[in-house]
Amino acid sequence: MDKSYMQRALDLAKLGWGKTRPNPLVGAVIVKEENIIAEGYHHFYGGDHAEVDALKKINFSAEGATIYVNLEPCSHYGKTPPCVEAIIKSKIKKVVIGLKDPNPKVAGRGIKILQEHGIEVVTGMLEEESRRLNEIFIKHITTNMPFCILKTAMTLDGKIATHTGDSKWITNEESRAYVHHIRDRVSGIMVGISTALKDDPQLNTRIPGKDVSQPIRIIVDTKGRMPLDANVVKTVKEQSTILATTHMAQQEKLLQLQKLGVDILIVPEENGRVNLKELMMHLGKRKIDSVLLEGGGTLNYSALEEGIVDKALCFIAPKIIGGSQAITSVEGKGKRFVKDAFILKDISLHNFQEDILIEGYIRRGE
């Protein structure tokens, strides 16, 4: 039963997607005499943490109960008091934890405090599942860099558009709807200036019937070519836009964009392009913990080559376009030898009707 209780905690934690950042996703289940007596989760940043949310729902004593939580209870004051204090006060006798706090400044402190008060602590229950759930939080809290997800949508022959540039639509409606759920979960969404000029996208989140989070739009634009009447400029009051550019851009143009509300971020250039590693460092300092990269082939290759991509979502539709001039999902210089290819690990497959999603993580130095 232990695993089922922890799985329930994980499922509850997911209800906070897009609302808790920069805090992690956490769910809690309190069990007494093999019965669930209370459940809770972290609803939004600044709100009660999962443990407190669950404890507040108990109308009688929690003394002698066990609490299952997918992340080590916090031991420090932030927006709310430490969760370990609430657990100790409740006289819970056992705490089962999925994952120790990845923050190197506090990791293990909550466990130690609980044990010092005579509370039994068990760790590592569904640890890998707990780690995956909070992969964004873990990357940001340990490196201060955003977790970067590269998303592509292609045909069976790897094309994202025909030789004329037509791309509507490669994947089906169900696949595209799922992408909006991903947008709802991340802090930022990034494209290159070529995509911005060609498609003039809004880069917003649209999920009917749901109160969604709108990611910060990040346009990689080395020379400052962004039109003043682009959708991401016209709607900047409703959804923030960052223009990541370099000193190669005209100052007058940047000032015009800035007056319209665009956040101008000057980044060092490398080989005539925005240095993406530097860009991610700047974004991390701005508390942007995750970025969904929906770029074209050139930006996608640069992101992979510079090592900023953590995870890839590759949608494949059962269509064949053909054409040597048709646009592919990853272009750029490319690798010279197959042995040097970027490789995905920990692969999972998902179906969206006839479309297939291949999800995996970039293998590094293994």
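The values are calculated or read from the model by the stated rules, or taken from the named source; none is laboratory data. This one's a predicted model, so the numbers in the text were calculated from it and none came from an experiment. Reconstructed Cβ throughout: ideal geometry from the backbone, glycine too, with neighbour counts over all protein chains shown. The area values use the complete protein model at the heavy-atom level, side chains included, leaving out ligands, DNA and RNA. Shrake-Rupley method; radii C 1.70, N 1.55, O 1.52, S 1.80 Å.
With all protein chains present, how much of the accessible area of the chain (probe radius 1.4 Å) comes from carbon and sulfur, to the nearest whole percent?
It is 50 percent, rounded to a whole number.
Can you list residues from other chains, or at least 5 along the same chain, whose modelled amide H is less than 5 Å from the amide H of Ile216?
Placed amide hydrogens put Gly188, Ile189 under 5 Å from Ile216.
Explain nothing, just the number: relative contact order of the chain, from Cα pairs under 8 Å at least 6 residues apart, as a whole percent.
On the way: 779 pairs, mean separation 56.3, N = 366.
After rounding, I find 15 percent.
To the nearest µm²/s, what D does Stokes-Einstein give for the chain at 25 °C and 0.890 mPa s, using the Kirkwood radius over alpha carbon pairs as Rh?
Details: Rh = 22.3 Å.
Rounded to a whole number, D works out at 110 µm²/s.
Using amide H atoms built in the peptide plane, which far-off residues or other-chain residues are under 5 Å from Ile37 H to H?
Amide H neighbours of Ile37, under 5 Å, 5+ apart: Ile30, Val31, Lys32.
Roughly how tilted is helix 276-285, in degrees to the nearest 10 and between 0 and 90, from the longest Cα axis of the chain?
It is inclined by approximately 40 degrees.
Under 5 Å between amide hydrogens, which residues at least 5 positions from Leu313 or on another chain qualify, with H placed 1.01 Å from N in the peptide plane?
It is Leu150, Lys151, Thr152, by chain and number.
Using Cα atoms only, what is the angle between the long axis of helix 173-185 and the major principal axis of the chain, expressed in degrees (0 to 90) to the nearest 10?
Its long axis makes an angle of about 60 degrees.
Å³ per residue of the Cα convex hull, for the range 24-155? Spell out each step's value before the answer.
Values: hull volume 17.4 nm³, N = 132.
Here the figure is 131 Å³ per residue.
Determine the dipole magnitude for the chain: charges of +1 sit on the beta-carbon of Lys and Arg, -1 on that of Asp and Glu, nothing else is charged, the reference point is the Cα centre, and the result goes in debye to the nearest 20. Intermediate values should be presented prior to the final figure.
Details: 50 positive and 46 negative charges, 127 e Å.
It works out to roughly 620 debye.
Taking every Cα atom in the range 92-227, find the radius of gyration and the maximum pairwise distance Dmax, and write them in Å.
21.2, 69
I'm checking a number: the convex hull volume of the Cα atoms of the range 137-208, normalised per residue, in Å³. What is it? Don't skip to the end; give the middle numbers.
Values: hull volume 9.2 nm³, N = 72.
With only Cα atoms used, the range 137-208 gives 128 Å³ per residue.
Per the Kirkwood treatment, what hydrodynamic radius in Å, one decimal, follows for the range 1-99 from the mean inverse distance over all distinct Cα pairs?
13.0 Å
With a 1.4 Å probe and all protein chains kept in place, how do Ser324, Ser348 rank by accessible area, largest first?
Details: Ser324 110, Ser348 40 Å².
Largest accessible area first, the list is Ser324, Ser348.
Can you tell me the 0 to 90 degree angle between the C-alpha axis of helix 2-13 and the longest principal axis of the chain, rounded to 10?
50 degrees
Go through the range 224-241 residue by residue and turn each phi into a ³J(HN,Hα) via Karplus (6.51, -1.76, 1.60, θ = phi - 60°); whole Hz please, and just put x for glycine and proline.
x, 8, 4, x, 5, 9, 5, 4, 6, 8, 5, 9, 5, 6, 8, 8, 4, 10
Note down the nm distance, to one decimal, between modelled labels 7 Å out along Cα→Cβ at Lys237 and at Ser348.
4.1 nm
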